[in-house]
Structure formats: C-alpha cells, structure tokens
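Please read the structure below before turning to the comments.
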Amino acid sequence: MASSLHYNEFPLEKLPNHHDSDDFMNYSLSNPHPQYAPGSPEERYDRPGSSRSPSDAKAGAAQYRSSSYHYGADDDDRSPVDAVPYVDSHQKQFGYSDLDIDRTPSPFPKDVNDKPDAALVYKAADYGGARPASFQDLHVAEPENRSGLLGDKTPWAQYLSDAKYPLEQRIENKKRGIGRQKHPFVVWILTTIMASVFIYELVVNARAQGSPVSFKPVVNPMLGPSESALINLGARFPPCMKLVEGLPVDTQIACLNDTANPPDQVCSLEDVCGFGGFHNQAPNQWFRFITPVFLHAGFIHIILNMIAQMTASAQIEREMGSGGFFILYMAAGIFGNVLGGNFALVGAPSTGASGAIMGTIAVSFVDLFAHWKYHYRPGRRLAVMLIELLIIVGIGYVPYVDNFAHLGGLLTGFLLGMTFYPIISTTKRHRLIVWSLRLAAIPIVVVLYVVLVRNFYTSDPYAACTWCRYLSCFPSASNNHCQGCVI
C-alpha cells in the first residue's frame, strides 16, 4: 500500500509560510532518507514502500527540476500544502488521515495546485502526462454477493434447508424478527374474504329486517345480523348438522324477517338452515365445521378478530411461511368448531375466525418457550400474552362466540406449531426433543379429529362431560342456566 503521511496535519490557519524553509522543516515528522534534503525531489520520489530504486529517484528528481513545471531553482520554493488538510469553497475542512493513499505533493505548477480545491484538481489535471504512482494503490470495494441469503428461497425450500443455514444467522434473524418471507399473503387474502363475507351478512339482514344490524326482537351484542340470519348463512348449529334430541326437523323457529318477541314470523328448521334443505333426510350439513371460520357475528367481533389477524397472525405467517401457516390456520379453526359442536350448547349458533386466530397465537407461545433466550424481556412478554389469553376467554362468553372454538384452536396451534414452526436447536439434545414432539404431534391431531367427529355424530356430549358447557356459557335465565337446548 501507499506510504504513510510524513507531514503534520495542522489546521489550515496554522500553516506556515511555504516559502519559509525553517517553518517547513517543522512539518516533517521523520526523514526516512537522511541522504536527501527534507522535501527535496529525491526524498519525494523515494518514499518508504515505493518500488523505485535510488537511481530511479535521482533520475525522476532530475527530470522534475528540468521540467517546465518546476518554478524555482531550489526546491524549497515548493509548498507542502498538499500534505495538510484543505478548505473547500464552503469553508469545510477535510483531512486525508483516514484515506489509504499516498500524500506525495503534486508536481504541478502553483497556479493549479494552490486553488482551494487543489488537492482534488491536481489529481485529474495531469495534462496527459503520467499520473502519480500512488493512484495504483486505490481500490474500489466490490458489491457484496447476497444471492445465497435465506430470503431468496421459497418458503418450502427454506423449511427443508433450515438445518444447513448458518446457525448464527438464524439466531440473528430471530432476534430481528426476520422470518421466511416478507409479506403475509395468506392473511391478506383471508382478511379480504372475511370482510367481503361480512358485508354480505349485513346485506342479507338488511333485506330481511330492513336494517343491517339486528335490534329486534333482541339486540345483537356484537352489532350484527340476527341469530336466524347467522344460521342461514352457515354458522355452526348442530340441529342443522345432525338429529338433536329436543330440536327435531319440524321445529318452528323465528324466520329471518321476524322482529317481534315472541316471534310472529316462524319458519321450519329446514328453511332456516337453508343451503337446499335436508332433502327428506336427517340433517347433515357437515360443512358447518368450516364455514363459521369466515363468518362474524357483528362489527365488534370482526374488528377485534381482524386486528389480531393482521398483527399477531401476520407475524406468524412471515416467520413460518404461507404453506404451513395456511394448514395450521384452517386446522385450528375447524378443530375448534368440532370441539365446540361436542360440548357447547346445541341450540346456540357460533361464528368467527377466533379459533383459527387462537391457533396462531399458540404458535407465539411455542416460539417464546423454544427461543426464550433470544427474546427481549421474555418474562414480560409471557405475562402480556397470558393477560391477552384471559381476555379472549372472557369474550368467549358473549353470545354467538364460543370458548370451545378458542380452546380447540389453541390446542391445535400448539401441536401443529411444533410441526411447522422453524425452531432453532443449538444442541443435539434440544434437536432430539423437538423432532420427537414433531413426530408425535400430527398423529395426535388426527386421532383427536377422528374421535371428536365420531363422538359428535354418535354420542351425547353432555353425558361425557356434564360441566364442560360452563366453559362457554354463563348461567342465566335467558339460557335456562346452560341446561338443555336453547334457541
């Protein structure tokens, strides 16, 4: 590399008269060539680290003295101004101490070299001659090759290559909240669909009752459609899905356009359930395990759910990828409805994506416990998450919302979160535990699905658990103290 600076970088106002050789001598920190006079052409041409031989230095000095650029018989007339900081036209001082270049004074005449920006000008104004040799040491940094970073891969390829990806980089990405992808595409699509469906709900209720929000015969506490409208649109309602003792097919319930209490407009259960009826067979609208995920009971319900979905659920999708997120989201939402169909009041319709969102929140717990030391203040975060969980459980007691959907989604989220969420393992023991849980999680989910669906269609859930209904029902006169079938 180029030689180091051999002159003190004094402030410009302290620069001595460059014609005063005594003051000029004070600028020299060292004289690496005592055989040359300080500041002489020989000394300039033979700096430490230079590839020139002494004979080359003398020849260069002789050529310098004989050139038209030399303006004095003695080299003491040369100014050392190029070796000190200069001041530009804006009076801002610049120094060269941080630049790894040769500070060899310019061999160009004073009328070029002594301009305010002379240190810049003389480098370009070589008049077609040879540039100072110091320029051969200048380097330009090449752009960093980032083609191998994780963000250039698809989520599925990233999932398969997590073990090969540098552990330190994975830990750093975890601390910074960087996941497998940048945008939560599935969350955006689901949110758009749910908002559109809710608008359709309001339209249906407005056509039936003249108002998008039901205030008669009873007020919907979520500020949304009536109970009959929610059933007709696909809410989870066991009498539409199977034969329920106490609610036969010929049961008369309030029509969608009823606004009186007690109702003066009644329809058969088959008409209210809609979707083409039962076709003279037992009710079997199994799809009501799925459709409630996209329905909401009112403005309050959908606003709360979409806020959670666009924040907590969106972050989970970024971290685990769209594929695994979609599987977990739908599995949690459907299982929540299966669990609620078994143990919630059979005469109470239920809607909402709360179970699916709870599944994604469960993944946040998996992330927190698996990466405890990588999170900022994990204890405080756990406390906040537990408080939020209690609030969600409290909301589950509101009509048309089901705590069993919340609890079922939470359980499924824990199990599938272990399977699809990218967990960082720093030891073989930790990796063995993680993979053991992953291999056990999916069979457990499948068994729970099979057992609960079978129990829903063949058994009496109340006989299996007489107290479970209180997890989603607050006893009152309006619901017969959570006993029997209530509509």
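Some observations on this one:
- In segment 161-246, chymotrypsin sites (Phe, Trp or Tyr not before Pro) in a DSSP loop with at most 14 other beta-carbon atoms within 10 Å: PHE215
- ASN284-TYR374 FRET efficiency (beta carbon distance; Förster radius 41 Å; 0.05 resolution): 0.25
- Share of Cα-Cα pairs in segment 186-285 lying beyond 22 Å, as whole percent: 35 percent
- Carbon plus sulfur fraction of accessible area for segment 293-471, probe 1.4 Å, in percent: 75 percent
- Debye-formula intensities of segment 245-311, expressed as log10 I(q)/I(0) at q = 0.19, 0.21, 0.27 Å⁻¹, are -0.92, -0.99, -1.15 (one equal scatterer per alpha-carbon, no solvent).
- Against the criterion of solvent-accessible heavy-atom surface with a 1.4 angstrom probe, VAL186, VAL266 sort, most first, into VAL266, VAL186.
- Computed label-point distance, nm, for sites TYR449 and ALA477 using a 7 Å Cα→Cβ extension: 4.5 nm
- Alpha-carbon Rg/Rh ratio, for segment 220-376, with Rh computed the Kirkwood way: 1.07
- Cβ-placed point charges (K, R +1; D, E -1), dipole of segment 293-471 about Cα centre in debye, nearest 20: 700 debye
- For segment 362-487, convex hull volume per residue from C-alpha positions, Å³: 129 Å³
- Per residue, the accessible area of segment 293-471 comes to 42 Å², computed with a 1.4 Å probe over protein heavy atoms only.
- Of the GluC sites (Glu not before Pro) found in segment 202-284, those in coil by DSSP whose Cβ has at most 12 other Cβ atoms within 10 Å are GLU245.
The values are calculated or read from the model by the stated rules, or taken from the named source; none is laboratory data. Bear in mind that the values here come from a model prediction, so they are computed numbers and not experimental data. In this analysis, Cβ positions are derived from the backbone assuming ideal geometry, glycine residues included, and neighbour counts consider all displayed protein chains. These accessible areas exclude ligands, DNA and RNA; they are computed on the full protein's heavy atoms, side chains included. Shrake-Rupley method; radii C 1.70, N 1.55, O 1.52, S 1.80 Å.
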